[in-house]
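Here the structure comes first, spelled out in structure tokens, and everything after it is commentary.
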Amino acid sequence: MQTQALQNVASYVTDEQQQTLLTGQSAQAMKDSVYTSLSSVQVLNQTPLAKTFNRELLEKELQTQVEVSQAFSQNVASAESP
């Protein structure tokens with residue numbers, strides 16, 4: 001899939017020598033190395049995403065964040081009250 005960013009990558013490189021020094025590749029070579037003819041949909045159809053998260057752990061983390069945010073809000077409110 002070639003995006004506008006990939007189409008323009010060569011025009012964004014203002015120092016071709018520095019580009020080659022930092023990456024070992026010219027701007028055009030870098031552009032060519034990241035280009036793929038597959039769309040995101042095609043890739044997802046070929047390699048479905050696996051469920052790789054622990055739901056219980058995620059819910060626990062989210063609940064902790066909610067509690068911390070609520071406590072912070074209460075502290076702000078009490079600090080603002082004269």
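The values are calculated or read from the model by the stated rules, or taken from the named source; none is laboratory data. Keep in mind the model is a prediction, meaning the values are calculated, not measured. For neighbour counting, all protein chains shown are included, and Cβ atoms are generated from backbone atoms with ideal geometry for every residue, glycine included.
Brief remarks on what is shown
- Scan of the stretch 1-39 for residues that are at pLDDT 70 or above, not aliphatic (A, V, I, L, M) and not in a loop (DSSP other than H, G, I, E, B), ordered by number: Glu16, Gln17, Gln18, Gln19, Thr20, Thr23, Gln28, Lys31, Asp32, Ser33
- Failed criterion for Thr64 (all others in (1) more than 22 Å from the chain's Cα centre (by Cα); (2) part of a loop (DSSP other than H, G, I, E, B) hold): (2)
- The one condition from (1) more than 30 Å from Gln17 (Cα to Cα); (2) among the aliphatic types (A, V, I, L, M); (3) assigned by TED's automatic domain parsing to the domain that holds Glu16 that Ala29 does not meet is (1).
- Pair list, Cβ < 8 Å and 6+ apart or interchain, from the stretch 27-46 residues that are within 19 Å of Thr14 (Cβ to Cβ) and among the aliphatic types (A, V, I, L, M) to residues that are at pLDDT 75 or above and in a helix (DSSP H, G or I): Ala27/Glu16; Ala27/Gln19; Met30/Gln19; Met30/Thr23
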